[in-house]
Amino acid sequence: MEAIAHLRSGLECANALPPGASRSRFELALQLGLGGPLIATKGFASREAEAAFQRAQELSRELQSEVDLSAALKGLGHVYHVRANLREVTSLVEETEALAKRSGDPVRQAEADHLAGVLSFHLGQFQLSRDRFERSAQAGEYRGRYYSEVYGIDMSVFCRAYMSHCDWHLGYPVRSLGIAEKGLAVAREISHPFSIALALNYLAMLYQFRQEPDAALKAAAESRDICAEYRFDYYGAWASLVRAWAIAESGRLEEGLADFDAGLEDLRRTSAGLRIPHHLGLLAALHRKAGNAMAGLRVIDEAVAIADASLESWCAVELHRERGELLLLAGGRRPKIKRMRSSRPRLKLPLPREQGCPSFAQALRAPDSRRHAACGERRATLLCRSTAGSARAWKHAISWKLASCWQTCDEVTAIATHLPVHRSVMR
């Protein structure tokens, strides 16, 4: 906060200078310097950060400074990204990559790859995203460990955080955990609070994917304490949501639900829209566990609508699975639900490995669950095409086709493991 106050004082002094290139250069440096601390304290999606980077973009174009323009565009890219305005980010990625290519600077290319990687992840393109993060990490290491000029995070930590989530969705749970823990170790080694908070949050969410509430609670609680001390609002709200989920999953359901609602309000106050469908999907699951199917179905409807509007499709499979679970619980009390349609092609989703085998027999017998998850047929076909020659993939796809029912990747693993049981269910 002290840095922000000094930078704003500097802007007041710059505004007192006579108009001209000299004043513009002073203001440009101050606006770019202000963006990073505002992201850390107010959140990636804050209006203040957007204003700083927007003004920096205008000044850099006026001064024809491609180096500064690249930094301003990357800052705006992350603002729009965390707001879940993925369409706007797409155009910024294209210009940022062109600027990095012209510069020939490996560090600028690393940050361009990073911005492209976060966009690809939230569009559900996990392998493409991982490839971009790996390139970003390698390019950054060309000059040793480096911090982002935009928001002051150690980029090797940031890349590992996202790579761990990519690996989870690609089916490498052991590797994903190792990468996340390595990223946290690097953040602790350099003693950088913002990087530590980031690494802890991604690790906590990874434990959430793994259904390990105790580990998730420990990581989220540590991150929450750091965020409270340094006023990292965005990551503090994220940590609160994971903590609330872990509390509910540990048996204190009412407390967890109340904390989850409060965490969502905190997150929305930062203007963040990213991962809202995922968080709402978790909230719907908690309502299901509390026996409130109607509340869960309303939340799932909201989550799917937000995901469709923003194009954030990485968690779409889980949202459809959760809707099927809620329909099973609702039974004859199911409200009329409009089937979600989309003109966008569905993205292929590779199979995770080494996962648990939850029950799927009830879902296969339930016509409503089959009907609301029928998009699994098409996704299964895409999966086969993306893993041509894989007998395992074909076996899973045939199971999907026979059931005409979208299952989670965990449940598909269960079908493959217990294929005779699956056939008996179909009879």
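Shown is the FRET efficiency for Asp214 and Gln64, computed with R0 = 51 Å from the Cβ-Cβ distance and rounded to the nearest 0.05: 0.40. The magnitude of the dipole of the stretch 1-82, with charges of +1 and -1 set on the Cβ of Lys/Arg and Asp/Glu and taken from the Cα centre, is near 60 debye.
Listed from fewest to most Cβ neighbours within 10 Å, the set Val242, Val118 follows the order Val118, Val242.
Length gained on full extension, Gln138 to Arg269: 43.6 nm, using 0.36 nm per residue less the C-alpha separation.
Kirkwood hydrodynamic radius of the stretch 107-252, from the reciprocal of the average inverse Cα-Cα distance over all distinct pairs: 15.2 Å. Under a model in which nothing but the beta-carbon of Lys, Arg (+1) and Asp, Glu (-1) is charged, the stretch 189-233 shows a dipole of about 100 debye around its Cα centre.
Put in order of Cβ neighbour count within 10 Å, fewest first, the listed residues Thr96, Thr270, Thr90 become Thr90, Thr270, Thr96. Rg over Rh for the stretch 18-162 works out to 0.96, both radii taken from alpha-carbon positions and Rh defined as the Kirkwood radius. Look at the Cα gyration tensor of the stretch 224-306: its axes a ≥ b ≥ c give a/c of at least 1.5 with a/b at or below b/c, and that counts as oblate.
For the stretch 283-291, the Karplus equation 6.51 cos²θ - 1.76 cosθ + 1.60, evaluated at θ = phi - 60°, returns couplings of 4, 4, 5, 5, 4, 4, 5, 7, x Hz by residue, with Gly and Pro reported as x.
Averaging the Cα positions of each part gives two centres, and for the stretch 245-308 and the stretch 310-324 these lie 13 Å apart.
In a simple Cβ point-charge model (Lys, Arg +1; Asp, Glu -1; nothing else charged), the stretch 264-314 has a dipole of about 180 debye relative to its Cα centre. Using the Cβ-Cβ distance between Glu95 and Glu2 with R0 set to 30 Å, the FRET efficiency from 1/(1 + (r/R0)^6) comes to roughly 0.35.
Bear in mind these aren't lab numbers, they're just calculated from the coordinates by the rules spelled out. Everything numeric here is computed off the predicted structure, so don't read it as measured data. Methodologically, a virtual Cβ is constructed for each residue, glycine included, from the backbone with ideal geometry; neighbour enumeration extends over all protein chains shown.
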